[in-house]
Amino acid sequence: MNATAPSVPPRRRRNPLGLAILVPIALLILLVLVLMWWWDKEPEQFDPVAVTTAHMKDIGRPMSTGAVTTYTLIRSVDTLMDKRGGYLSNDRMPPGVFMDNMPNWEFGSLTASRDLARALRNDFSRSQTQSTEDKDLGEADPLLNSPNDRWLLPSSESQYGKAVNDLENYLGRLSDAADANAHFYARADNLADYLQTVSARLGSLSQRLSASVGQLKVDAAPDAAVGANAGPAKAIYVKTPWTKIDDNFYEARGYTWTLLEQLKAIRHDFAPILRSKNADASLQQVIRELEESQKSLGSPVVLNGSPFGFFANHSLVMANYVSRANAAIIDLRALLGRG
């Protein structure tokens with residue numbers, strides 16, 4: 001009897017068309033993930049005095065009061081567009097469209113730049129309320145307040161680039177002794193007005209960060225203005241949705257990053273008035289607290305543990321530094337208001 005040979009199952013034929021489709025898709029996904037990791041990097045801090053000195057030397061202008069503050073604003077806006085990945089807030093294509101940490105960082109940084117541009121236009125460049133505003137600052141302020149997520153023409157980047165050009169023109173005239181039609185008044189009242197805006201921003205950020213774990217917020221009744229007939233205050237429970245926790249955190253990181261650079265510049269340009277008011281130590285305390293808020297995040301994600309729980313709560317840590325910086329700014333404003 002002849003033994004029958006065991007049957008061999010037919011070998012599956014490879015589908016070359018399927019591989020030709022799947023391999024490029026897998027490589028594209030890998031490329032997107034790598035770019036997201038590479039772009040998700042906060043810019044390094046810079047020395048406002050050093051970079052301003054180098055810039056003024058490059059353009060052949062002498063240093064003048066207000067130059068460091070103005071160029072720090074320019075450098076901060078340029079950083080939004082020149083950092084890794086460029087400006088991401090208005091991206092409509094991968095990988096930028098999938099990212100939210102850096103766009104929120106950009107919005108926080110842009111908010112600080114807008115506040116300083118407004119202060120330059122309305123306060124620092126004017127001797128009194130009846131004086132004429134600077135033409136270049138009058139152009140730069142509304143340009144910086146263009147929508148941050150516009151990708152259609154004119155895009156956000158083009159508007160902010162025009163604002164930088166206007167600020168450069170102001171800086172050039174500020175340091176031109178022959179054409180002294182640009183001014184920077186480093187007065188205590190001007191600085192106090194700007195710090196009031198900063199304090200309001202920090203107070204709002206602190207409340208939003210603290211709401212990551214939920215808190216009772218007491219609001220006055222709507223009819224509180226009627227005095228004795230006012231109704232009782234109402235307690236409202238406020239808690240940030242878990243999808244917004246990292247958004248608030250990175251917005252605060254962006255705002256404090258830019259504010260830190262601005263206050264370093266102000267420390268230089270307002271040095272005489274700060275010394276005369278014995279306020280330089282208070283400003284240094286604000287800077288110290290903001291420097292702490294910029295330490296590297298030792299986690300791949302923003303953790304949201306309970307206040308005394310096993311895991312960290314990064315929002316509460318950031319809120320602590322922001323609140324302490326705000327308290328120091330309130331003390332600084334009090335010193336500037338004294339005669």
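Quick look at the numbers
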quantity: Members of the range 85-134 found to be of a type in the set (Ser, Thr, Tyr) and closer than 27 Å to GLN196 by Cα, listed by number; calculated: SER109, THR111, SER113, SER125, SER127, THR129, SER131, THR132
quantity: Which numbered condition ASP123 misses (of (1) over 18 Å from LEU191 (Cα atoms); (2) in contact (Cβ under 8 Å) with a residue 24 or more places away in the chain; (3) in a helix (DSSP H, G or I); (4) open to solvent by 10 Å² or more (accessible area, probe 1.4 Å)); calculated: (1)
quantity: The range 165-194, residues that are modelled with pLDDT of 95 or more, surrounded by 21 or more Cβ atoms within 10 Å (Cβ to Cβ) and either touching a strand residue (DSSP E or B) at 6+ places or on another chain (Cβ under 8 Å) or aliphatic (A, V, I, L, M) (or both); calculated: LEU167, LEU171, LEU191
quantity: Matching residues, the range 133-145, being under 16 Å from the mean Cα position of the chain (by Cα) and surrounded by fewer than 19 Cβ atoms within 10 Å (Cβ to Cβ); calculated: ASN145
quantity: Helices (runs of 4 or more DSSP H) wholly inside the range 232-339 that include at least 1 residues being exposed (fewer than 15 other Cβ atoms within 10 Å of the Cβ) and of a type in the set (A, V, I, L, M, F, W, C); calculated: 271-276, 280-293, 314-337
quantity: Residue check for MET81: open to solvent by 30 Å² or more (accessible area, probe 1.4 Å), among the hydrophobic types (A, V, I, L, M, F, W, C), outside any helix (DSSP H, G or I) and touching a residue at least 12 places away in the same chain (Cβ under 8 Å); calculated: no
quantity: Enumeration of residues in the range 297-331 that are modelled with pLDDT under 90 and of a type in the set (S, T, N, Q); calculated: SER299, ASN304, SER306
quantity: Filter result for the condition that a residue is farther than 14 Å from GLY172 by Cβ, without any contact (Cβ under 8 Å) to a residue 60 or more places away in the chain and of a type in the set (S, T, N, Q), over THR69, THR53; calculated: THR53
quantity: Selection count where residues are outside any helix (DSSP H, G or I), hydroxyl-bearing (Ser, Thr, Tyr) and open to solvent by 60 Å² or more (accessible area, probe 1.4 Å), scope the range 38-75; calculated: 1
quantity: Qualifying residue in the range 145-163 (condition: of a type outside the set (Ser, Thr, Tyr), at pLDDT 95 or above and within 21 Å of VAL68 (Cβ to Cβ)); calculated: yes
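The values are calculated or read from the model by the stated rules, or taken from the named source; none is laboratory data. As the structure is a computational prediction, the values presented were derived from the model and not from experiment. Glycine gets a Cβ as well: all are built from the backbone with ideal geometry, and neighbour counts include every protein chain shown. The protein model used for the area step is the full one, side chains on, heavy atoms only, and it has no ligands, DNA or RNA in it. Shrake-Rupley method; radii C 1.70, N 1.55, O 1.52, S 1.80 Å.
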